[in-house]
1. Determine which single condition residue 23 fails, assuming it passes every other condition in (1) buried (at least 17 other Cβ atoms within 10 Å of the Cβ); (2) at pLDDT 95 or above; (3) over 12 Å from the mean Cα position of the chain (by Cα).
2. I'm trying to understand the selection: among the residues of region 41-55, which are within 17 Å of residue 22 (Cα to Cα) and part of a helix (DSSP H, G or I)?
3. So how many residues does region 81-97 have that are surrounded by fewer than 18 Cβ atoms within 10 Å (Cβ to Cβ) and closer than 19 Å to residue 40 by Cβ?
4. What number of residues within region 63-80 are in contact (Cβ under 8 Å) with a residue 24 or more places away in the chain and either surrounded by 11 or more Cβ atoms within 10 Å (Cβ to Cβ) or under 17 Å from residue 45 (Cα atoms) (or both)?
5. Please go through region 35-57 and pick out each residue that is surrounded by 12 or more Cβ atoms within 10 Å (Cβ to Cβ), touching a helix residue (DSSP H, G or I) at 6+ places or on another chain (Cβ under 7 Å) and over 17 Å from residue 74 (Cα atoms).
6. Out of all the residues in region 56-71, which are within 14 Å of residue 9 (Cβ to Cβ) and either at pLDDT below 95 or in a loop (DSSP other than H, G, I, E, B) (or both)?
7. Given the residues 60, 11, which is the only one that is surrounded by 13 or more Cβ atoms within 10 Å (Cβ to Cβ) and touching a residue at least 24 places away in the same chain (Cβ under 8 Å)?
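The values are calculated or read from the model by the stated rules, or taken from the named source; none is laboratory data. Please read all numbers here as calculations on a predicted model, not as lab measurements. Using ideal geometry, Cβ is built from the backbone for each residue, glycine included, and neighbour counts are taken over all protein chains shown.
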């Protein structure tokens with residue numbers, strides 16, 4: 001069980017690190033990439049304890065409707081990071097969500 005949890009965390013971090021600057025993905029798309037569509041909440045919990053939030057860009061993971069969701073360093077920091085990447089956010093929601101959605105995980 002411990003090894004399985006370790007591997008799951010590493011897989012989530014590996015997939016999240018693939019999201020390019022200026023793009024976002026969703027908890028659901030990460031779950032689909034893991035072939036485990038029912039683990040979206042678990043992915044959120046794993047990203048909340050991300051030990052390297054700059055290297056593993058968990059700020060680029062958002063809700064399925066384009067709302068930014070939470071962040072281990074606070075929502076204002078997440079908005080700031082996404083904004084510096086050119087992502088436009090109004091009322092905690094990404095305005096051009098479908099245009100910047102990343103789903104091409106390897």
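1. (3)
2. Scanning region 41-55 gives no hits.
3. 2
4. Going residue by residue through region 63-80, those that are in contact (Cβ under 8 Å) with a residue 24 or more places away in the chain are 63-70, 72.
Filter once more, so that each one left must be either surrounded by 11 or more Cβ atoms within 10 Å (Cβ to Cβ) or under 17 Å from residue 45 (Cα atoms) (or both): 63-64, 66-70, 72.
The number of residues fulfilling the criteria is 8.
5. Once the filter is applied, which keeps residues that are surrounded by 12 or more Cβ atoms within 10 Å (Cβ to Cβ), touching a helix residue (DSSP H, G or I) at 6+ places or on another chain (Cβ under 7 Å) and over 17 Å from residue 74 (Cα atoms), region 35-57 yields 39, 40, 43.
6. The one that is within 14 Å of residue 9 (Cβ to Cβ) and either at pLDDT below 95 or in a loop (DSSP other than H, G, I, E, B) (or both): 56.
7. 60
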